[in-house]
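Chemist: I'd like to ask some things about the structure below.
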Amino acid sequence: MWDLIVVGGGPAGATLARLAGQRHRVLLLEQRPPARPGGAATAKVCGGLLAPDAQRALATLGLGLPGEVVCGPQLFAVRAIDAATGAERHYQRAYLNVDRGRFDAWLLGLAEAVGPGVTVWRGCRLRRLKVEDGEVLLDVECLGGLSVVRTRVLAGADGALSRVRRLAFPEAPDGDLYVAIQERLGLPAGAAQQASFTALFDAAATDFYGWAIPKGDEVLVGAALRPGAAAPPGFDRIKAALGACGVPLGPVRAREGALLRRPGPDDLVLGGGPVALVGEAAGFISPTSAEGISWALRSGAALADALAPGLEGWEARYRAATAPMRRRLLAKRLKLPVMFRPWLRRLALRSGAGALF
């Protein structure tokens with residue numbers, strides 16, 4: 001019997017396991033398999049930029065980044081472009097540029113370093129769960145075969161398509177579904193690396209946005225698009241528009257994709273009974289920029305704090321602890337029309353009255 005089982009070893013799950021493991025017996029189930037010796041850490045589709053909110057969350061947790069997680073160049077500006085009119089503006093915004101795979105591996109390593117309070121099983125997939133007598137039974141498929149485990153509290157930290165959320169709260173709304181397509185491009189011969197995070201808005205391709213992020217000797221080019229047959233040509237349109245705006249587009253080194261949710265006002269689910277949700281699984285992600293790391297860190301820490309006095313009554317404490325986060329989500333939603341209604345966005349870009357990001 002475990003006090004807490006956490007499904008998902010990203011920033012939310014690793015933070016929760018590290019903090020809760022100092023008081024409770026925690027099992028963390030991570031779907032990604034163990035890294036091969038000398039191999040690169042597996043990363044989700046992500047630009048790997050720590051926004052100021054994520055930096056503040058790390059500071060609140062007393063964490064500083066190790067050198068091997070950080071990569072260059074460091075960025076101090078967002079270049080926002082409206083493709084239809086060519087209107088653009090630079091906004092000051094200081095990001096930390098990181099390798100997302102190494103960042104996640106570092107946080108998970110911190111959880112494992114807690115000691116006997118935290119056990120990590122890698123290469124595991126949740127198959128079924130059942131709530132029984134106030135506890136949760138899980139059928140888990142791991143590299144070594146099938147296991148049945150039992151816990152007093154289950155936390156879903158398994159991302160936008162959370163299986164914990166679907167199984168435990170099947171009637172809960174999920175928010176709008178998008179597919180994020182991203183390519184890693186080398187720099188053309190003789191080209192200089194760009195010095196900003198570029199965000200491009202093109203309503204003909206997507207009602208979200210596309211991006212270009214410098215990363216070492218590469219450029220990450222991506223877009224969040226409605227899934228379906230129009231997604232690949234929409235990505236190609238975004239990529240071509242970025243190239244026309246001066247983003248250096250060299251040979252494609254890798255192409256990757258993932259699904260993400262854009263939560264609406266009613267899509268946030270904190271959990272109930274013996275099942276809690278954190279990070280994207282709960283709906284904690286910015287509906288404007290799709291930034292999720294700061295929300296993951298804060299929600300994981302909030303649930304750990306809620307569990308600290310004991311495993312009973314965690315739900316009310318978690319709701320109280322996340323009240324500031326829920327107010328921030330509301331403020332983000334109020335900003336949506338300015339970013340994604342073309343005429344308001346163009347007015348904001350031309351006037352410079354308020355940063356889009």
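Chemist: Rank-order 279-287, 59-67 by packing density, defined as the average count of other C-beta atoms within 10 Å over each peptide's residues, highest first.
Modeler: Ranking the peptides 279-287, 59-67 by packing returns 279-287, 59-67.
Chemist: Which far-off residues, 5 or more places away or on another chain, put their amide H under 5 Å from the one on residue 127, with H placed in the peptide plane?
Modeler: Hits under the 5 Å cutoff: 139, 140, 141.
Chemist: May I ask you to derive the relative contact order of the range 2-351, considering only C-alpha pairs under 8 Å and at least 6 residues apart, and to give it as an integer percent? Could the numbers behind the result be given before it?
Modeler: Values: 753 pairs, mean separation 74.6, N = 350.
In percent, rounded to a whole number, it is 21.
Chemist: Let me ask something else about it. Work out the length of the dipole vector of the range 134-217 about its Cα centre, built from +1 on the beta-carbon of each Lys and Arg and -1 on the beta-carbon of each Asp and Glu, and round it to the nearest 20 debye.
Modeler: For this selection, approximately 300 debye.
Chemist: Another question about this same structure. Ranking request for peptides 116-127, 169-180, 137-148: highest mean number of other beta-carbon atoms within 10 Å first, then the rest in descending order.
Modeler: 116-127, 169-180, 137-148
Chemist: log₁₀ I(q)/I(0) of the range 157-304 at q = 0.13, 0.21 Å⁻¹, via Debye over equal Cα point scatterers, no solvent, to two decimals?
Modeler: Relative scattering, expressed as log10 I(q)/I(0), comes to -0.65, -1.21.
Chemist: To continue, here is another question. Please sort 187-193, 75-81 by packing, taking for each peptide the average over its residues of neighbouring beta carbons within 10 angstrom, highest first.
Modeler: On the way: 187-193: 11.3, 75-81: 20.0.
Output ranking for 187-193, 75-81: 75-81, 187-193.
Chemist: Normalized C-alpha radius of gyration of the chain, against 2.2 N^0.38 Å? Kindly include the intermediate steps, with their values, before the conclusion.
Modeler: Values: Rg = 20.5 Å, N = 357, 2.2 N^0.38 = 20.5 Å.
For the chain, the normalised Cα radius of gyration comes out at 1.00.
Taken together, the values in this text are just the output of simple stated rules run on the coordinates, not laboratory data. Quick caveat, the model's predicted, so the values are computed rather than measured. A quick note on method: Cβ atoms are made from the backbone with ideal geometry, for glycine too, and the neighbour counts reach across all protein chains shown.
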